[in-house]
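Enquirer: My structure is below; once you've seen it, I'll send some questions.
No lab work stands behind these numbers, since they all come straight from the coordinates. Note that the structure is predicted; figures quoted are calculated from it, not measured. Methodologically, a virtual Cβ is constructed for each residue, glycine included, from the backbone with ideal geometry; neighbour enumeration extends over all protein chains shown.
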Amino acid sequence: MDHLLQHLINGLVIGSVYALIALGYTMVYGIMQLINFAHGEIVMIGAMVTITCINLLLGANVALPGILLLTIGLAMAIPVSMALGYGIERVAYRPLRNAPRLAPLITAIGLSIVLQQLATLIWGRNYRPFPAILDIKTFEIGGAVITNLQIAIIVLAILIMAALFFLIERSKLGRAMRATAQNIDVARLMGVNTNTIISLTFVIGSALGAVAGVMVAANYDQAHAYMGFLIGLKAFTAAVLGGIGNLAGAVVGGLVLGIVESLGAGYLSDLTGGVLTSSYKDIFAFAVLILVLLFRPSGLLGERVAERA
Amino acid sequence: MTMANTIAGWFGAGKDGQHAKLQLILLSVFMLALPFILSGSFASGNSWVRTIDFALLYIMLALGLNIVVGYAGLLDLGYIAFYAVGAYLYAFLNSPQIAAFLPVWMMNPPLLVMLLIAAVVAGCFGVMLGAPTLKLRGDYLAIVTLGFGEIIRIFMNNLDRPVNITNGPQGINNIERVSLLGHEFGKPLEFFGVQIPMVHQYYYLILAFCVLIIFVSIRLQRSRIGRAWVAIREDEIAAAAMGINTRNVKLLAFAMGASFGGVSGSLFASFQGFISPESFILMESVLVLCMVVLGGMGHIPGVILGAIIVSITPEALREVVNPLQDALLGKRVVDPENLRMLMFGLAMIIIMLLRPEGLWPSRRRKDELHPATKRITKQEDATLTEAEREHE
């Protein structure tokens, strides 16, 4: 079991990204009991917009330090993703709030396809390299290597999550969100503008998604128009694993899934004597998803049960 | 003549049996003559017949998914996996790919046996997928089926090591064509002095199975099971209270839908002569779903119409978009494939928002979604105002 620490570190990095995306799924689910199928696409668009912005600035010979360029890119991508999240709610979910359950699912899939195809039209089918603007330094801890970028990803993710928890648990807006999640009709009777709250939930989730998208793109040095599907699916798995509708659960689920996947990809080949190679690593998320739904549909920390109401 | 009446009913005919029979005969004659009409009237006729062949395969697929989504109301986003299972089964038993591992008697089974195997195995996969997931809520089911579709594809892509089973991303080549009554479908056939090309032969073969599947679909819809599916779709708790074993009936929907996919997949492999994981990506599942949604969930003619529209559009787009771009812009900016998916994505949204019953809904569904009370009130309004006017 060599490289154990290395796999753990890699798992922690990708896990904190999954956690950020999973928060978006779980917040929407908590309030509307719906899976936002188009969330993965928002993550992708966040990454693509950032890359485009940085490339434009580089093309205009703007001499700024890399970290500042990245911040500008992110500052452009977050509003775009927020606007998209708002738009998705208005187009796909709000008109169908009282329709049969199948209807919003289908519109969400349709939207996801539309966003994916639009992204392909704008950015093409190929991988977009992440501009090499960051000064990557590596540190060694007990034989494992960690970059300053990876440390930044973990720290930033923790900061964002802390801010989100503060928002939800301490602020007036957060209290309104929790009330809406508990019982939308009663919340409305108590004077909560539930439509605004639902919109805001989508918008906040999308902002987190955009940041996560940039993190993935920076970590793997690339992004492409079809990346949203797989990462969305994995983050959804993380949300289910932690207990969908539960914020802390999404974080735990994301980290656990990231580590399981990283360890799995690292040791699968050894464990099965070379029969299954790391090309099966994407199966882990699905396997975890199916196992959780089978044996503990409420997830690790969840209170809600995944039975049909 | 219940079948004829049913089919005639789709086209708005009354209960008149004679009329229904006539319509059915006309439709049959048209369907039988279609490949020759196409190859006779277009220079690229044979490629159009090929498109129609694929459209027929898609009709089978869409009718299979219609059982799951349309009747039982279970959103399956990995449906193409069953198509893949059927196609790979056919390829395994009819190509040199894994012939070395199989006993000789298993190779090249007769067509009907082959399709039966495909239907049963795909059905088993359906049960395998359904058993653990059916107690979940609809949106979970959608995501689990989506994951299942991806798992099947990842396995197809990677099962070339350590033992080469699926030949990985390259796919399986040299798949033998169907042979029926001593005739091999790859070879040209002469019939009363008329040359019948391969695509035409396959047209009739696929059409035959397509008709069979339409027949089964109609019968299923009116059966006790079909009504149980619809009951579950409308209200699962009420259905259970009426004594329906919801779990088994839902499993049956999954198995049934999957077996349609399996048969269609086998025919696809034999027609194409080559398969690779490329043909079974998520987008294909979404396309089949789009056919069902576009045409009208749960209504057989609507689903058929949806399948025809969705499967013919890319050909039509290719013939229009590229020349148009060349003429207007002098270069190709937009890939027709891209445009097609964009259109279908939009179509799904628009249909769900504005016309959730689909393009060609059943009368009952239309009434459910656009309650008749509205229309009656309008009528009553009209009569009332008329009466008032007369009174004045």
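Enquirer: Between rounded, prolate and oblate, where does segment B:222-280 land on the alpha carbon gyration tensor, with a ≥ b ≥ c its root eigenvalues, rounded for a/c under 1.5, else prolate if a/b exceeds b/c?
Expert: Prolate.
Enquirer: Run lengths n ≥ 4 of DSSP H only: what is the helix-derived mean residue ellipticity at 222 nm for the protein assembly as shown, with -39500 (n - 2.57) per run over all residues, to the nearest 500?
Expert: -24000 deg cm²/dmol
Enquirer: In whole percent, what relative contact order does segment B:41-183 give with Cα contacts below 8 Å and a gap of six or more residues?
Expert: 30 percent
Enquirer: Now, a different point. Quote the relative contact order of chain B in percent (integer), defining contacts as alpha-carbon pairs under 8 Å separated by 6+ residues.
Expert: 26 percent
Enquirer: Please compute, for peptide B:340-352, the average count of beta-carbon atoms on other protein chains lying within 10 Å of each residue's beta-carbon.
Expert: What the average comes to for B:340-352 is 6.
Enquirer: Note the full-extension length gain between A:Leu68 and A:Leu118 as 0.36 nm times their separation in residues minus their Cα-Cα distance, in nm to one decimal.
Expert: Roughly 15.2 nm would be gained on extension.
Enquirer: Multiply the residue separation of A:Ala162 and A:Leu300 by 0.36 nm, subtract the distance between their alpha-carbon atoms, and state the gained length in nm to one decimal.
Expert: Between A:Ala162 and A:Leu300, full extension yields an extra 47.7 nm.
Enquirer: Please find the FRET efficiency linking A:Asn61 to B:Ala99, where r is the Cβ-Cβ separation and R0 is fixed at 60 Å, and quote it to the nearest 0.05.
Expert: With R0 = 60 Å, the Cβ-Cβ based efficiency is 0.45.
Enquirer: About its Cα centre, what dipole magnitude does chain B give when the only charges are +1 on Lys and Arg Cβ and -1 on Asp and Glu Cβ, stated in debye to the nearest 20?
Expert: Here chain B has a charge dipole of around 680 debye.
Enquirer: Can you give the local net charge around B:Gly168? Use residues other than it whose beta-carbon is closer than 15 angstrom to its beta-carbon, Lys and Arg +1, Asp and Glu -1.
Expert: Result for the local shell: 0.
Enquirer: For B:141-151, what's the mean count of beta carbons from other chains sitting within 10 Å of each residue's beta carbon?
Expert: That works out to 6 on average.
Enquirer: Put a dot 7 Å past each Cα toward the Cβ at B:Gln170 and A:Ala144; how far apart are the dots in nm?
Expert: 3.9 nm
Enquirer: Further question on the same structure: Tell me, what is the FRET efficiency for A:Arg94 and B:Glu234 to the nearest 0.05, using R0 = 22 angstrom and their Cβ-Cβ distance as r?
Expert: That pair, A:Arg94 with B:Glu234, gives E of 0.35.
Enquirer: Please sort B:244-254, A:14-24, B:144-154, B:208-218 by packing, taking for each peptide the average over its residues of neighbouring beta carbons within 10 angstrom, highest first.
Expert: Going by the mean number of other Cβ atoms within 10 Å, highest first, we get A:14-24, B:144-154, B:244-254, B:208-218.
Enquirer: Tell me the label-point distance for the pair A:Ala83, B:Val163, using the 7 Å Cα-to-Cβ offset, in nm and rounded to one decimal.
Expert: The modelled label-to-label distance comes out at 5.6 nm.
Enquirer: Now, a different point. Mind ordering A:145-158, B:343-356, B:283-296, B:59-72 by average Cβ neighbours within 10 Å, highest first?
Expert: Going from most to least packed, we get B:59-72, B:283-296, B:343-356, A:145-158.
Enquirer: Tell me whether segment B:254-365 comes out rounded, prolate or oblate; compute the Cα gyration tensor, take square roots of the eigenvalues as a ≥ b ≥ c, and use a/c under 1.5 as the rounded threshold.
Expert: oblate
Enquirer: In terms of the Cα gyration tensor, with a ≥ b ≥ c the square roots of its eigenvalues, is segment A:102-184 rounded because a/c is under 1.5, prolate because a/b exceeds b/c, or oblate?
Expert: The shape class here is oblate.
Enquirer: More than 26 Å apart: what percent of Cα pairs in chain B qualify?
Expert: Percent of Cα pairs beyond 26 Å in chain B: 58.
Enquirer: For q = 0.09, 0.14 Å⁻¹, what log10 I(q)/I(0) does chain A give under the Debye formula with an equal point scatterer on each alpha carbon and no solvent?
Expert: Normalising to I(0) and taking log10 leaves -0.45, -1.09.
Enquirer: Follow-up question, since we're still on this one. Normalising by the residue count of chain A, find the relative contact order in percent from Cα pairs under 8 Å and 6+ residues apart.
Expert: Reported as a whole number, the value is 35 percent.
Enquirer: In nm, to one decimal, how far is the A:Ala152 label point from the B:His19 one, both placed 7 Å along Cα→Cβ?
Expert: 7.5 nm
Enquirer: Ok, one more. What's the Kirkwood radius of the protein assembly as shown in Å, using all Cα pairs?
Expert: After inverting the pairwise mean of 1/r, the radius is 27.5 Å.
Enquirer: Extension gain B:Gln195-B:Ala327, at 0.36 nm per residue separation less the Cα-Cα distance, in nm?
Expert: Length gained between B:Gln195 and B:Ala327: 43.7 nm.
Enquirer: In the protein assembly as shown, if the dipole is taken from +1 on Lys/Arg beta carbons and -1 on Asp/Glu beta carbons about the Cα centre, which of A:Val256, A:Phe286, B:Ile237 is farthest to the positive end?
Expert: In the protein assembly as shown, that residue is B:Ile237.
Enquirer: Rank the residues B:Met107, B:Met114 as a footprinting-exposure proxy: fewest other Cβ atoms within 10 Å of their Cβ go first.
Expert: B:Met107, B:Met114
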